[in-house]
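These notes are about the structure you will find just below.
Nothing in this text is a laboratory measurement; each read-out follows from the coordinates by a stated rule. These numbers were taken from a predicted model, which means no experiment stands behind them. Cβ atoms come from the backbone with ideal geometry, glycine included; neighbour counts cover every protein chain shown.
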Amino acid sequence: MVASKQAALGRSSYLPLWCKSYYSFLEGASAPDELVAAAAAYELPGIALSDRDGLYGVVRAHVAAREHGVQLLHGAELSLSGGRVVLMYALDRAGYGSLSQLITRGRSRRPKGESLLEPEDLLEFQPSVKGSGRFVLVLPVLNETASGLVELLFPAFGRTRLFLGAVRHEIPEDRQRHALLLDLSRRYGLRSVATPEVLYHAPDRQRLQDVLTSIRHGVKLSEAGTRLRPNNRYALPTPNLMQQRYQDIPEALSTGLELLERAEFGLEMLEYRYPEEPLPEGYSSEGRLRELCQHGAHERYGESLPEQVRLQLEKELALIRELRYEGYFLTMYEIVAFCRAQGILCQGRGSAANSVVCYSLGITAVDPVRMQLLFERFLS
């Protein structure tokens, strides 16, 4: 799908890779859905949301991407020691998990609102097979510190999962960054990808971004000076503008589109998973729950289960299996068993009494079959 879009749009198309929304607190000046809508208006095939040390904006971006028919690449800007940054993008569900774990690790090391990772943290999450999925890293080439990062990361990630970010904003620093980019590319054989930093969806948001910067640094706008971005080229660029800005390295535009083609992850792939309960060897959660319920039901109703009880128990177990709630009931069973072993009074309350599974597990003391109680009321 992405390949056909790329062919239809021509070589001027590109993938915005370094987009920060207002979930990058006091830095981004546009909502995630505004960035996605702007990408759709430019007829771009996709956009990457890469907020600073977080995935806070991905839900709004996901909804907007579905509405506008734009593919969303999930990523984040990760803060490394020494003021360095790296962009990480999830290609599949495992990659999204790795990205989430890294963000959690970085946040847990610093006070609220801050994050810090070491380059070695990235190495810990590398796939065992080079060139496999999970995620890719893009290293924005901002200054000489990029050289040390490439030297450390290249042996682990190689040429298929490590890319050099060509950062251009039509400022004097662009020339120095390009020279460093060429040097690193020649030394390691790494490919470059166009990576302008996007802080807002339209140029007229520059003034707002200036105000946010002043607030972040705790200074008056008139005193912010070089803390402010030097121009409004931090807006989402049009395809024509990107073609002009990267006319000497057009392959940097197509590389971003290739990354989009490799991405297979979307939020629709996520679902709630209850933490796994410790189980006896050879048991599944479903099998363990069924065995406990059968044993408890016979204790409650006798050796021969009444037909109505048997049917209700099977109905509840089937619905629990469908919703994958077995772990929840096993947890409640363990809590009740522990309390009773310790002489602690405990009792399931409310609509839990509607469940013959709870009754069989000893969680509740009311017979829901005899009382004709509705199990669905509890499960809701």
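Per-structure values
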{"read-out": "GNM top mover of Gln347, Gln244, Gln101 - the chain, alpha-carbon springs below 10 Å", "value": "Gln347"}
{"read-out": "FRET efficiency estimate (nearest 0.05) - Cβ-Cβ, Ser222 to His68, R0 35 angstrom", "value": "0.35"}
{"read-out": "Karplus-derived 3J(HN,Hα), 6.51/-1.76/1.60, for each residue of the stretch 63-80, Hz, glycine and proline x", "value": "4, 5, 5, 5, 5, 9, x, 10, 7, 10, 9, 8, x, 7, 8, 9, 7, 9"}
{"read-out": "Whole-Hz ³J(HN,Hα) from phi, Karplus 6.51 cos²θ - 1.76 cosθ + 1.60, for the stretch 182-189, glycine and proline x", "value": "4, 5, 5, 5, 5, 5, 10, x"}
{"read-out": "GluC sites (Glu not before Pro) restricted to the stretch 40-115 and DSSP loop, no more than 11 other C-beta within 10 Å", "value": "Glu114"}
{"read-out": "Arg159 versus Gln247: modelled label distance in nm, points set 7 Å from Cα along the beta carbon direction", "value": "2.9"}
{"read-out": "Rounded tilt (10° steps) of 251-262 against the dominant C-alpha axis of the chain", "value": "10"}
{"read-out": "Whole-Å distance, taken between Cα centres, linking the stretch 310-367 and the stretch 188-255", "value": "56"}
{"read-out": "Simple spin-label estimate for Gln101 and Gln308 in nanometres, 7 Å along Cα-Cβ", "value": "5.1"}
{"read-out": "Between the stretch 49-66 and the stretch 92-108, the Cα center-to-center distance that results, in Å", "value": "15"}
{"read-out": "Nonlocal amide H pairs with Val136, under 5 Å, H built at 1.01 Å", "value": "Tyr89, Leu91"}
{"read-out": "Potential extension, Leu323-Glu118 segment - 0.36 nm per residue separation minus Cα distance", "value": "69.8 nm"}
{"read-out": "Label-point separation, Ser108 to Glu173 (7 Å along Cα→Cβ), nm", "value": "3.3"}
{"read-out": "Relative packing of peptides 284-292, 215-223 - highest average C-beta neighbours within 10 Å first", "value": "284-292, 215-223"}
{"read-out": "Karplus-derived HN-Hα couplings along the stretch 346-362 (A = 6.51, B = -1.76, C = 1.60, θ = phi - 60°), whole Hz, x at Gly and Pro", "value": "8, 7, x, 10, x, 6, 4, 5, 7, 9, 6, 5, 4, 5, 5, 7, x"}
{"read-out": "Correct choice for Rg/Rh (Cα atoms, Kirkwood Rh) that was computed from the model, options (1) 0.95; (2) 1.13; (3) 1.83", "value": "(2)"}
